[in-house]
1. Using a/c under 1.5 as the rounded threshold, could you call the range 126-283 rounded, prolate or oblate? The axes a ≥ b ≥ c are square roots of the C-alpha gyration tensor eigenvalues, and prolate needs a/b larger than b/c, oblate otherwise.
2. How high is the relative contact order of the range 121-242, given as a whole-number percent (alpha carbon pairs under 8 Å, six or more residues apart)?
3. Based on the Cα coordinates of the range 101-208, what is the per residue volume of their convex hull in Å³?
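Taken together, the values in this text are just the output of simple stated rules run on the coordinates, not laboratory data. Just so it is clear, the structure is predicted and the values come from calculations on it, not from any experiment.
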Amino acid sequence: MEIHNLIIIGSWPAWYTASIYASRALLKPLLFEWFMAWWIPAWGQLTTTTTVYNFPWFPDGVDWAELMLKIRKQAQNQWVEILTKTIDRVDFSERPFKVFSWTEVYYSKALIIATWATAKRLGIPWEEKYWQRGISACAICDWGLPLYRNKRLLVVWWGDAALEEAIYLTKFGSEVNLLVRRDVLRASQTMQQQVLLNEKIKILWNTEILEALGDWKELTKVTAINNKTNEKFTIECAGLFYAVWHRPNTEFLNWQIEVDEHWYINTVPGTKQTSVEGVFAAWDVQDKKYRQAITAAWTWCMAALEAESFLRGGK
């Protein structure tokens, strides 16, 4: 059987960066770009956006497909072997590690996991139509879109993440409405105080969104309901931001490595080493805070360098 030095599983731009570093280290990595895992194409969460404005070297923004194709081509130019297949499960019980794709089995001395995290959606009518046309799951990623500038913006949920996004959006929107389905906030007192004192943030208590509405091009308003009075009303807006939560795609690991209470992979502080020696993790599957394309590339550079050190017998 063929035993690979390093198998990389996941999504762009993390695994392309890791594969480039690994290939230049002469590790001959095998890269699996997941195909329609969790109904997301092989290139991950960025396929749900349009123009990327916050990736360096592109002053006018860049189409996500153009950006991915360029980095994929760079990996190919470094002789990285790429397979567009979904990994169903892994086996860390013995070495070399086993990686399964349907009936096929691949063996590897080390493994890097970059299977991202999937943003939870609300499932309201017309959500899919206006996704990235006014509806987003990442304020920090998408605030630069011109359609949000100096307009009313909505943020859904009640925890720290929602309050943080609401505060962030006040820099760009004319007004931010925080839609809370209960009559209390489940956030730290510090975050609550910042929101309550911010004149640009208005909290709509006991409010749930019923439907996204707009024209053929973009979102223009939503219908909502007060779940205590059952009063329905319309809110004019240019943006609707979900701050519900992200689910890291770690189920296929079958609890063979240590994860936290939200299923994010735990790594040794200051490294990308997981609880299983020789298995490394980074980006959204391990990073619950930043979740940016540029930090994905950075963390996977770290993972690749650590994998190289492991395979060379280093510490």
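1. Note, shape of the range 126-283 comes out prolate.
2. Contact order relative to length: 31 percent.
3. Convex hull of Cα atoms, per residue: 175 Å³.
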